[in-house]
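Novice: Shown below is the structure under consideration.
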Amino acid sequence: MTRVKTILVSQPEPKIENSPYFDLQEKQKVKIDFRPFIHVEGVDAKDIRHQKVDLSQYTAIILTSRNSVDHFFRVADEMRFKVPDTLKYFCQSEAVAYYLQKYVVYRKRKIYVGKRAFADLTTLIKKYKDENFLLPTTDKLKPEVPETLNGLGVKWKQAVFYKTVISDLSDLADVYYDILVFFSPSGIESLFHNFPEFKQNETRIAVFGNTTIKAVEAHGLRVDIAAPTPETPSMTMALEKYIEKINKKK
């Protein structure tokens, strides 16, 4: 295998200055580019009304990501709906709860926070089983979420507030990278949508998570770098370990 000089990460460029990707670039003397293979687009209020959603009917809201926070408040705004102070917020993680501060005065609201996985929220939701829950979500929701909520026997409704859309990558047609980095099956879908004739050849593919590994293999591609593992819990650690091994050989 040839030395690694260039990497394309299929995500937006990190906004923080001390991102491990910038450290990796500096330390290993490689060039890292960032390009989202997919992006999120909001569903407009009219479409949400078609889904038979009346925001005034819900006493609690389940927020699984920052996108769900942004799009819930965007839709409320478009519908000229004043979000009541009594609304209860169930946030999947601390990061989501923290992000909520962009829209509400934290200490004056009822906010319940899970650890990280959706399943961690179940004990909290069970405690408030008489609430009427709204789940504003993407069109690409993991099936475990509705399954979990149905299993709890609570009153809830799922509504698509935003969609995952394939980005146009046509300008990359003649650009070659040593490593392509993917974090979701949607990223792989975007690759083949943009480049139906894609051949892997010498390109190394780095993948985060089991569902993404399955998507890569389903397209007959080879996974060269996989994370998380006990040794390399993050993508940057997995990349660094691989680059050190390959570039040292030369």
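Novice: Spot the failing condition for Phe192; the list is (1) assigned to a loop (DSSP other than H, G, I, E, B); (2) in contact (Cβ under 8 Å) with a residue 12 or more places away in the chain, and only one is missed.
Specialist: (1)
Novice: Another one. Could you pull out the residue among Ala159, Ala173 that is at pLDDT 95 or above and farther than 22 Å from Ala218 by Cα?
Specialist: Details: Ala173 fails: at pLDDT 95 or above.
One residue alone meets the criteria, Ala159.
Novice: Further, regarding this structure: Just checking, which of Val223, Val175, Val165 is surrounded by fewer than 20 Cβ atoms within 10 Å (Cβ to Cβ), under 30 Å from Phe73 (Cα atoms) and out of contact with any Pro (no Cβ under 6 Å at 6 or more places or on another chain)?
Specialist: Working: Val223 fails: under 30 Å from Phe73 (Cα atoms); Val175 fails: under 30 Å from Phe73 (Cα atoms).
Checking each option against the conditions leaves just Val165.
Novice: If I ask for residues that are farther than 10 Å from Pro136 by Cβ and among the aliphatic types (A, V, I, L, M), which ones from region 36-75 would you list?
Specialist: Ile38, Val40, Ala45, Ala60, listed by residue number.
Novice: Collect the residues in region 39-75 that are hydrophobic (A, V, I, L, M, F, W, C), open to solvent by less than 50 Å² (accessible area, probe 1.4 Å), touching a strand residue (DSSP E or B) at 6+ places or on another chain (Cβ under 9 Å) and not in a loop (DSSP other than H, G, I, E, B), keeping them in residue-number order.
Specialist: Just the residues of region 39-75 that are hydrophobic (A, V, I, L, M, F, W, C), to begin with: 40, 43, 45, 48, 53, 55, 60-63, 69, 72-73, 75.
Now drop any that are not open to solvent by less than 50 Å² (accessible area, probe 1.4 Å), which leaves 43, 45, 48, 53, 55, 60-63, 69, 72-73, 75.
Right, trim to touching a strand residue (DSSP E or B) at 6+ places or on another chain (Cβ under 9 Å) and you get 43, 48, 53, 55, 60-63, 69, 72, 75.
Once the filter is applied, which keeps residues that are hydrophobic (A, V, I, L, M, F, W, C), open to solvent by less than 50 Å² (accessible area, probe 1.4 Å), touching a strand residue (DSSP E or B) at 6+ places or on another chain (Cβ under 9 Å) and not in a loop (DSSP other than H, G, I, E, B), region 39-75 yields Ile48, Leu55, Ala60, Ile61, Ile62, Leu63, Val69, Phe72, Val75.
Novice: Consider Met237 against the criteria (1) part of a helix (DSSP H, G or I); (2) at pLDDT below 95: it satisfies all of them except one. Which criterion is unmet?
Specialist: All conditions are met except number (2).
Novice: So which residues in region 127-142 are open to solvent by 40 Å² or more (accessible area, probe 1.4 Å) and under 21 Å from Glu41 (Cα atoms)? Before you say what the answer is, go through the steps one by one.
Specialist: Step one: filter region 127-142 for residues open to solvent by 40 Å² or more (accessible area, probe 1.4 Å), giving 127-130, 139-142.
Correct list: Asp139, Lys140, Leu141, Lys142.
Novice: Confirm whether Lys82 is open to solvent by 90 Å² or more (accessible area, probe 1.4 Å), more than 18 Å from Ile125 (Cα to Cα) and either in contact (Cβ under 8 Å) with a residue 60 or more places away in the chain or part of a loop (DSSP other than H, G, I, E, B) (or both). If you could, list the steps in order and put the result at the bottom.
Specialist: Working: open to solvent by 90 Å² or more (accessible area, probe 1.4 Å): yes; more than 18 Å from Ile125 (Cα to Cα): yes; either in contact (Cβ under 8 Å) with a residue 60 or more places away in the chain or part of a loop (DSSP other than H, G, I, E, B) (or both): yes.
Criteria met by Lys82.
Novice: I've got another one for you. Being more than 18 Å from Asn150 (Cβ to Cβ), touching a helix residue (DSSP H, G or I) at 6+ places or on another chain (Cβ under 7 Å) and part of a loop (DSSP other than H, G, I, E, B) is the filter here, so list the residues in region 88-113 that pass it.
Specialist: Matches in region 88-113: Tyr103 only.
Novice: Being farther than 18 Å from Pro136 by Cβ and more than 20 Å from the chain's Cα centre (by Cα) is the filter here, so list the residues in region 102-121 that pass it. Give the steps one after another, and end with the answer.
Specialist: Filtering region 102-121 for residues farther than 18 Å from Pro136 by Cβ gives 105-108, 115-117, 119-120.
Passing the criteria: Val105, Tyr106, Arg107, Lys108.
Novice: Pick from Leu134, Leu87: which is touching a residue at least 12 places away in the same chain (Cβ under 8 Å) and under 29 Å from Thr212 (Cα atoms)? It would help to see each step written out before you state the result.
Specialist: Values: Leu87 fails: under 29 Å from Thr212 (Cα atoms).
Exactly one of Leu134, Leu87 is touching a residue at least 12 places away in the same chain (Cβ under 8 Å) and under 29 Å from Thr212 (Cα atoms), namely Leu134.
Novice: Give the residues of region 9-39 that are touching a residue at least 12 places away in the same chain (Cβ under 8 Å) and of a type in the set (Asp, Glu), sorted by residue number. If you could, list the steps in order and put the result at the bottom.
Specialist: The initial filter retains those residues of region 9-39 that are touching a residue at least 12 places away in the same chain (Cβ under 8 Å), namely 9-14, 20-21, 23-24, 27-28, 30-39.
Residues satisfying the conditions are Glu13, Asp23, Asp33.
Novice: Going through region 194-212 one residue at a time, which ones are within 22 Å of Lys142 (Cβ to Cβ), open to solvent by 40 Å² or more (accessible area, probe 1.4 Å) and among the polar types (S, T, N, Q)?
Specialist: Passing the criteria: Asn210, Thr211.
The values are calculated or read from the model by the stated rules, or taken from the named source; none is laboratory data. Keep in mind that this is a model prediction, so the values were computed, not measured. All Cβ positions, glycine included, derive from the backbone under ideal geometry; neighbour counts span all protein chains shown. Remember, those area values only see protein heavy atoms, side chains included, never the ligands or the DNA or RNA. Shrake-Rupley method; radii C 1.70, N 1.55, O 1.52, S 1.80 Å.
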